[in-house]
Amino acid sequence: MTESKIPSKENFSEWYHELLKAAEIIDVRYPVKGMCVWHPFGFALRRNVYDIIKEMLDVDHQETQFPLLIPETEFMKEAEHIKGFEDEVYWVTHGGTTPLDVKLALRPTSETAIYPMFKLWIRSHADLPLKIYQIVNSFRYETKHTRPLIRLREITSFKEAHTAHATWEEARDQVEAALEIYARFYERLAVPFVFIRRPSWDKFPGADYTIALDTIMPDGRTLQIGTAHHLGTNFAATYEITYENTEGEQEFVNQTCYGISERCIAALVSVHGDNNGLVLPWSVAPVQVVIVPIIFKDKDRDEVIRVCGSLHEQLADVGVRVKTDDGDERPGSKFYKWELHGVPIRIEVGPRDIKQGVAVLARRDGKKVTVAKKELKDAVFKEAEDLQAVMQAAAREFMVSRIKDCTTVEEARDQAEMGMARVGWCGSEDCGHRLEDEIGVSMLGEPWKPEKTFEGRCLICGAETEKCVLMARQY
Ligand code: 5CA
Ligand code: ZN
């Protein structure tokens, strides 16, 4: 089929919105701004994606669930945290017609729900480290332009982990462990990113420091797709979370938290999709293989359907998420529909293929191979793996091509239209703010553990420096 229901990806914003609709990811017509409905197909994708992160966390974290509502008295304890979130909180003020004695906040994130309980749970060093996570909805009254999956007022799939440790160093190591988990997670999604340490003025409210994962969207704008925060003893002091150390003294715990949201799916969809629709990595595709029977004459029907059924069974038996589309539409329409839904591999079976003992295997990236029926299973896995690698490489190449060193404000301004501009920074807060003002975009921060060191000059004051920062337009 040549006609395409979605606009060209060059008009990224239109493409994105139309794709979410056409590929049945989410429905944005719910009548509350910033709140969307998952279509069943989108939710199946979400489940596959979140199963990966759950499996990774379950190795040494415990899953739990805390209430949605947080009493104002707890919410208002940590001064910096309040400052960071007070404009974004939804409040429950009434039970029926009765005003509540204590207003209840809908969690914008759950520090203030979880940490009063940590105070009760943690007694001695034997209770540490404590590592928990939950996958819940959370609410933020965002005032910036809302966007499906990207900036929501109800974040439906907020994965937040919270940990407590005996020492600051152990918490630091946990931040690194979390980043490693996220790196492996995004590798499975074939979504490239850079680790960036946020500047002090953009860290999580109440944290010692914040490290973010940022990726570049097709329109050149940066999307923060995860963060890990070292909370030091800031919340522990406020919520009196102490443990008895081996000498019998009470000490504050050191904490971390780290989160991702359905932005991971926004990134997945945007980074890989094309003009024909979704392109999903094998690892998460709700349908990994679609089998399309090619029937020209009625007399061939039974035989073609039988062979398709046996291929279907073979693949399902080894755990492939396979679907046989034996509906009445013409094959061309079926191809189009499953391409739109990002199916990595399509298998076509017609009478002539049956006679020759082969099937045609078409990959979502356009590559086609004819394979002997006996070798089909192996061929599917081989092509799936290769396709995932091709997607990974293409996505990384795009991102890397959109990060450039810049030595003048004008250059950085131009580059920030395309992606990230890397510029020298002396480290003074004053020059930092001027960088943001003059380039007209945000400072994402310093690359975290960069491969090579930087040598240059602060773009503002000209001082020699080994520090560099990435500047970009952000979603
Ligand atoms: N408590 C910490 C760690 S869980 C926390 O809330 N960190 S956060 O504010 O940085 O949020 C974690 C991640 O959620 C962000 O990195 C971002 O990817 C995502 N996120 C934040 N706000 C929204 C929003 N309004 N819509 C969708 N995703 C969001
Ligand atoms: Zn400077």
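The values are calculated or read from the model by the stated rules, or taken from the named source; none is laboratory data. In this text, all values refer to a predicted model and were calculated from it rather than measured experimentally. Every residue, glycine among them, receives a Cβ derived from its backbone with ideal geometry; neighbour counts consider all protein chains shown. SASA here: full protein model, heavy atoms, side chains in, ligands and nucleic acids out. Shrake-Rupley method; radii C 1.70, N 1.55, O 1.52, S 1.80 Å.
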For the range 384-408 the number of residues that are open to solvent by less than 60 Å² (accessible area, probe 1.4 Å) and touching a Lys or Arg at 6+ places or on another chain (Cβ under 6 Å) is 1
Give the residues of the range 305-362 that are more than 15 Å from residue 286 (Cβ to Cβ) and of a type in the set (Phe, Trp, Tyr), sorted by residue number. 335, 336
Scanning the range 11-36 for residues that are over 19 Å from residue 273 (Cβ atoms) and not hydroxyl-bearing (Ser, Thr, Tyr), the one surrounded by the fewest Cβ atoms within 10 Å (Cβ to Cβ) turns out to be 31
Just give me the residues in the range 291-347 being within 29 Å of residue 5 (Cβ to Cβ), open to solvent by 70 Å² or more (accessible area, probe 1.4 Å) and more than 30 Å from the chain's Cα centre (by Cα), in sequence order. 296, 326, 328, 329, 330
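Looking at the range 37-71, which of its residues are open to solvent by less than 40 Å² (accessible area, probe 1.4 Å) and over 16 Å from the mean Cα position of the chain (by Cα)? Explain how you work it out, then say what you get.
Here is the first cut: in the range 37-71, the residues open to solvent by less than 40 Å² (accessible area, probe 1.4 Å) are 41-42, 44-46, 48-50, 52-53, 56-57, 61, 64, 66, 70.
41, 61, 64, 66, 70 - these are the residues of the range 37-71 that are open to solvent by less than 40 Å² (accessible area, probe 1.4 Å) and over 16 Å from the mean Cα position of the chain (by Cα).
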Filter result for the condition that a residue is outside the structural domain of residue 215 (by TED's automatic domain parsing), in a loop (DSSP other than H, G, I, E, B) and out of contact with any Gly (no Cβ under 6 Å at 6 or more places or on another chain), over 329, 303, 375: 329
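Each row is one residue, and each column tells you yes or no for (1) surrounded by fewer than 20 Cβ atoms within 10 Å (Cβ to Cβ); (2) in contact with an Asp or Glu (Cβ under 7 Å, 6 or more places away or on another chain).
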{"site": "158", "(1), (2)": "no, no"}
{"site": "164", "(1), (2)": "no, no"}
{"site": "173", "(1), (2)": "yes, no"}
{"site": "180", "(1), (2)": "yes, no"}
{"site": "185", "(1), (2)": "no, no"}
{"site": "206", "(1), (2)": "no, yes"}
{"site": "209", "(1), (2)": "yes, no"}
{"site": "212", "(1), (2)": "no, no"}
Among (1) within 14 Å of ligand 1 (Cβ to nearest atom); (2) modelled with pLDDT of 95 or more; (3) in contact with a helix residue (DSSP H, G or I) (Cβ under 9 Å, 6 or more places away or on another chain); (4) not in a strand (DSSP E or B), the one test that residue 171 misses: (3)
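Of the residues 391, 418, only one is under 16 Å from residue 220 (Cβ atoms) and away from ligand 2 (no atom under 16 Å from the Cβ); which? Working first, answer last.
Working: 391 fails: under 16 Å from residue 220 (Cβ atoms).
From the options 391, 418, the qualifying one is 418.
Can you tell me which residue among 424, 440, 419, 350 is in contact with a Pro (Cβ under 9 Å, 6 or more places away or on another chain) and in contact (Cβ under 8 Å) with a residue 12 or more places away in the chain? Give the steps one after another, and end with the answer.
On the way: 424 fails: in contact with a Pro (Cβ under 9 Å, 6 or more places away or on another chain); 440 fails: in contact with a Pro (Cβ under 9 Å, 6 or more places away or on another chain); 419 fails: in contact with a Pro (Cβ under 9 Å, 6 or more places away or on another chain).
When all the criteria are applied, what remains is 350.
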